[in-house]
Amino acid sequence: MNHLYLSYPNPGGIFSNPVGYWVIVALAIVFTLFVLLTATAYTVWYERVLLGRFQRRPGPNRVGPLGLLQLAADGIKLATKESFAPAGVDPILYLVGPAVMVAAAFLAWAVIPVGIWWGFSYWISNINVGILFVFAVSSMNAYAILLGGWSSNNKYSLLGGMRAAAQLISYEVALGLSLVPIFIITGSLRLQDIANFSVHWGPYHGPIPLVIVAPLSFVIYMVAATAETNRTPFDLPEAEQELIGGYHTEYSGLKFTLYYLGEYLNMVTVSTLATLIFFAGWHPNAPWFPAFIPFVAKIVGFLFLYIWLRNTLPRLRYDMLMRLGWKVLLPLGMANVVVTAAVVVALTG
């Protein structure tokens, strides 16, 4: 396993030098954390701006130009806000819940590649089961939410935590099945290989968006991923008209911020995975064009879809949520796997 990989082999001999290698790894981790924190903060700003436009109101426009400094003000407020806990909470698990949430959200980025320039891409850990690693750490969100709800000594929080656990487990099955056809087509679980998957179609030779050959997988993935991130219309674990605030009702200050950060960072992660798996990542690009521009543009497009759904669709009832996961998405996912496998065997047979 290579902990840091650049598609140019050993540029400047830096990986031959053990000190230089670990310096680059440390700098890459720090830079990734900074970029993710900034991207997550401005995802919140992006959502507020779009919700304002959808609802024909100004949105953030007071702090800084175009309201761009609003998130800095909110961050300072949340970091310095008094943090208190009700009597009877579990003192350890009450802190472990939000810590696990944000740690799992950041850890998923250890294996996610990013296109930087023509033929030049980067990721921290180059493992051949990258997407399975992302699923493994993402599944820890269920523990984080359940621990937060159970440890709060509040029945509404506990109910929100139980809802979240059932919801995440239900939709993880459909989410995993939606990507099996992609693995069959590409023959790899490595995200870099999936993003770079190329075809020979007549005069064309190069990468293609896999949504063309697996559209049903994309639809199942987007529905299941929206439920996995507890976003509208699947935000039942924190349904305010039923559960006050759900699993994070008893959290405030920095601990609440960690849950909030984890939710929005998971949105960015899911959008990035959709870009890499279904829309060819940083392709198309050219020697004179930075590869990260189409990459970021696609991610922003998926975030727009998330926010659009929030403003458009009403929240589902819980029985409808479970029915959709187990009686619609799961059978569709299984049928999709069988049909894809049969077609691939017939074409390559």
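Figures for the structure shown
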| read-out | value |
| --- | --- |
| Percent carbon-and-sulfur accessible area, the chain, ignoring ligands, DNA and RNA, probe 1.4 Å | 72 |
| The range 55-106 shape via C-alpha gyration tensor axes, a/c threshold 1.5 | prolate |
| Reduced Cα scattering model of the range 122-258, Debye log10 I(q)/I(0), q = 0.10, 0.17, 0.22 Å⁻¹ | -0.45, -0.93, -1.23 |
| Prolate/oblate/rounded label for the range 135-199 (Cα gyration tensor, a/c 1.5) | prolate |
| Between helix 155-186 and the chain: long-axis angle, C-alpha atoms, 0 to 90°, nearest 10 | 10 |
| 0 to 90° range, to nearest 10: angle between helix 70-80 axis and the chain longest Cα axis | 60 |
| Stokes-Einstein D in µm²/s, Kirkwood radius over Cα pairs - the range 21-128 at 20 °C with 1.002 mPa s viscosity | 123 |
| 5 angstrom amide H check on Val199, placed H, neighbours 5+ away | Gly206, Ile208 |
| Check: the chain dipole with +1 on Lys, Arg Cβ and -1 on Asp, Glu Cβ, in debye | 640 |
| 10 Å Cβ shell holding at most 15 others, DSSP loop, chymotrypsin sites (Phe, Trp or Tyr not before Pro): longest site-free stretch of the chain | 119-287 |
| Residue-averaged [θ]222 nm for the chain, counting only DSSP H segments that reach four residues, each worth -39500 (n - 2.57) | -20000 deg cm²/dmol |
| Spatially proximal lysines relative to Lys77 (Cα-Cα < 22 Å; intrachain offsets below 8 disregarded) | Lys255 |
| Reachable lysines, given that their alpha-carbon falls under 22 Å from the alpha-carbon of Lys298 and they are not under 8 places away in the same chain | none |
| Residue with peak Gaussian network fluctuation, the chain [Cα springs, cutoff 10 Å], from Arg57, Arg231, Arg323 | Arg57 |
| Centre separation in Å (Cα based) which lies between the range 335-349 and the range 27-64 | 42 |
| The range 89-128 and the range 287-324: distance between their alpha carbon centers, rounded to Å | 20 |
| Kirkwood-based Rg to Rh ratio, the chain, C-alpha trace | 0.98 |
| Computed over the chain: relative contact order in percent, which uses C-alpha pairs under 8 Å that are six or more apart | 22 |
| Selected from Met322, Met101, Met222 as most flexible by GNM, with the chain as the system and alpha-carbon contacts under 10 Å | Met322 |
| Among Val300, Val223, Val338: highest mean-square fluctuation, GNM of the chain, C-alpha pairs under 10 Å | Val338 |
| Nearest 10 degrees, 0 to 90: helix 140-151 Cα axis against the chain principal axis | 10 |
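The values are calculated or read from the model by the stated rules, or taken from the named source; none is laboratory data. Predicted, not measured: the structure shown is a model, and the values here were computed from it. Heads up, the Cβs are rebuilt from the backbone with ideal geometry, glycines too, and the neighbour counts pull from every protein chain shown. Heads up: the accessible areas ignore ligands, DNA and RNA and are worked out on the full protein's heavy atoms, side chains in. Shrake-Rupley method; radii C 1.70, N 1.55, O 1.52, S 1.80 Å.
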